[in-house]
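Working notes, structure below.
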Amino acid sequence: MTMLYIFDLGNVIVDIDFKRVLGVWSDLGRVPLALLQKRFSMEESFHQHERGEISDQQFAAAICQQLGLALSFEQFSAGWQAVFVGVRPEVISIMNQLRQKGERVVILSNTNRLHCGFWPAEYPEVQQAADNVYLSQEMGMRKPEARIYQQVLDKEGFTPDQTVFFDDNADNIDSARRLGIHAVQVTDARVIPDYFASRL
């Protein structure tokens, strides 16, 4: 039986680190890093942006206001892209092996246009390792909303019991499990290689 494997992007396929974003903004905005770390939280503007409900510029303005930063949109974007640390090559290798075996491999990410203009060019091997890429902003919904998983299953033609989902966020894992999807929380870089050690 062919299986559907759904991979999240951040801290699953690609390492991300928000401290790097705040570090760039701190330098550009001349605001102490400790102050930014205290003020920073992923509030409603993040969720609206990931669902495509507000523009990149509106999102940048909301975050700058939250943090008390006076940044140009270009400066904001420069910091935003610093989130990407690097790809996890062992996960890319597993995704490619699964596809060679005839399994279906897709990416499902809560993401936004600001990042989508960056990571496909920076990490072409990520898109090449997937049969399809599902992005929250294009779908108008975000994890952990049940309907986003249902839409991926419907489009791919798989049932929950034929699906394995990898994500680093506990809420996303819980909502996928409630649909009957086999979900694995990626708490560190060893989880996925260990999961497939006896399966590939």
Kirkwood-type radius of segment 124-199, with distances r between different C-alpha atoms, in Å | 13.4
Put in order of increasing Cβ neighbours within 10 Å, starting from the fewest, Thr187, Thr163 give Thr187, Thr163
Given labels modelled 7 Å from the Cα in the Cβ direction, how far is it in nm from Lys38 to Phe73?
-> 3.2
Quick one: net charge around Arg147, please, counting Lys, Arg +1 and Asp, Glu -1 for every other residue with C-beta under 13 Å from its C-beta.
-> +3
For Met42, Met95, order by how many other beta-carbon atoms lie within 10 Å, fewest first | Met42, Met95
Tally Lys and Arg at +1 and Asp and Glu at -1 over the other residues with C-beta under 12 Å from the C-beta of Ala60: what net charge comes out?
-> -1
Using a cut-off of 12 Å between beta-carbons, work out the net charge of the residues near Ser109 (Lys and Arg +1, Asp and Glu -1, Ser109 not included).
-> -3
Within the chain, helix-based [θ] at 222 nm, where runs of 4 or more DSSP H residues each add -39,500 (n - 2.57), nearest 500 | -13500 deg cm²/dmol
Kirkwood Rh, Cα Rg: Rg to Rh for segment 18-81?
-> 0.94
Run down the lysines and flag those whose C-alpha is under 29 Å from the C-alpha of Lys19, throwing out any fewer than 8 positions away in its chain.
-> Lys38, Lys143
How long is the gain from Asp161 to Arg147 if the chain were fully straight, where each residue apart is worth 0.36 nm and the alpha carbon distance is subtracted?
-> 3.4 nm
Averaging 1/r across every pair of distinct alpha carbons in the chain and inverting yields a Kirkwood hydrodynamic radius, in angstrom, of 17.7
From fewest to most C-beta neighbours within 10 Å, the residues Ser77, Ser198, Ser26 line up as Ser198, Ser77, Ser26
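All of the numbers you see were taken from the coordinates with simple rules; none came from a lab. Just so it is clear, the model here is predicted, and its values are computed rather than measured. For neighbour counting, all protein chains shown are included, and Cβ atoms are generated from backbone atoms with ideal geometry for every residue, glycine included.
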